[in-house]
Amino acid sequence: QVQLVESGGGLVQPGGSLRLSCTASGRIASINTMDWYRQAPGKQREFVASLSSGGSTNYAESVKGRFTISRDNAKNTVYLQMNSLKPEDTAVYYCNANLVRSDTWPRIISPYWGQGTQVTVSS
């Protein structure tokens with residue numbers, strides 16, 4: 001069994017900062033990319049940022065220069081540092097990990113999702 005748990009969401013004023021965390025646990029052989037997505041009310045889930053096991057990053061244009069993704073491979077944890085937050089950043093933020101389980105065969109990469117954490121940017 002594999003579980004992803006996010007934390008760090010909350011209410012923040014425009015211009016403020018938040019740091020999200022997501023930890024993967026369970027029978028994990030290896031983790032490829034770890035990503036963040038978000039879904040605002042009435043909108044489709046959208047990509048925010050990704051980080052490969054090799055350190056390559058990718059960001060949505062809307063967050064470039066404001067958000068930073070990082071990870072601690074030893075802890076199977078990915079972070080999202082969000083600065084200069086705007087009201088349009090308000091959404092539920094989801095963590096995704098593309099990983100290989102250690103208890104299944106063949107060893108294939110599959111996506112796993114966290115339950116989401118709410119981020120609200122409002123004055």
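The values are calculated or read from the model by the stated rules, or taken from the named source; none is laboratory data. No experiment lies behind these values; they were computed from the predicted model shown. Positions of Cβ are backbone-derived with ideal geometry, glycine not excepted, and every protein chain shown enters the neighbour counts. Protein only, heavy atoms only, side chains kept; ligands, DNA and RNA dropped before computing areas. Shrake-Rupley method; radii C 1.70, N 1.55, O 1.52, S 1.80 Å.
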**Request:** For segment 29-41, indicate whether the set of residues that are without any contact (Cβ under 8 Å) to a residue 60 or more places away in the chain and closer than 21 Å to I109 by Cβ is non-empty.
**Result:** yes
**Item:** Unique match (being open to solvent by 70 Å² or more (accessible area, probe 1.4 Å), out of contact with any Pro (no Cβ under 9 Å at 6 or more places or on another chain), closer than 22 Å to P111 by Cα and without any contact (Cβ under 8 Å) to a residue 24 or more places away in the chain) among A74, A60
**Value:** A74
**Item:** Residues that are assigned to a strand (DSSP E or B), hydrophobic (A, V, I, L, M, F, W, C) and over 21 Å from S122 (Cα atoms), drawn from segment 45-90
**Value:** F47, A49, L51, I69, V78
**Request:** Identify, by number, the condition in (1) of a type outside the set (F, W, Y); (2) more than 14 Å from the chain's Cα centre (by Cα); (3) open to solvent by 70 Å² or more (accessible area, probe 1.4 Å); (4) modelled with pLDDT of 95 or more that P41 doesn't meet.
**Result:** (4)
**Asked** Listed residues S53, S102; which is under 23 Å from Q3 (Cα atoms), over 11 Å from the mean Cα position of the chain (by Cα) and either among the charged types (D, E, K, R) or open to solvent by 60 Å² or more (accessible area, probe 1.4 Å) (or both)?
**Response** S53
**Members of segment 77-91 found to be surrounded by 14 or more Cβ atoms within 10 Å (Cβ to Cβ), without any contact (Cβ under 8 Å) to a residue 60 or more places away in the chain and of a type outside the set (A, V, I, L, M, F, W, C), listed by number** = T77, D89, T90
**Complete:** Checked segment 11-29 for anything surrounded by 13 or more Cβ atoms within 10 Å (Cβ to Cβ), farther than 18 Å from V92 by Cα and of a type outside the set (A, V, I, L, M); matches are S25, G26
**Prompt:** Based on what the data block shows, is T33 open to solvent by 70 Å² or more (accessible area, probe 1.4 Å), modelled with pLDDT of 95 or more and of a type in the set (S, T, N, Q)?
**Reply:** no
**Message:** Out of the residues in segment 4-18 meeting the condition of being part of a loop (DSSP other than H, G, I, E, B) and either within 18 Å of the chain's Cα centre (by Cα) or free of Cβ contacts under 8 Å to residues at least 60 places away in the same chain (or both), tell me which one is farthest from G116 (Cα to Cα).
**Reply:** S17
**Request:** Kindly list, by first and then second residue, each pair from a residue in segment 100-116 that is touching a residue at least 60 places away in the same chain (Cβ under 8 Å) and in a strand (DSSP E or B) to a residue that is open to solvent by 50 Å² or more (accessible area, probe 1.4 Å) and hydroxyl-bearing (S, T, Y), limited to pairs with Cβ atoms under 6 Å and residues at least 6 apart or on different chains.
**Result:** V100/S30
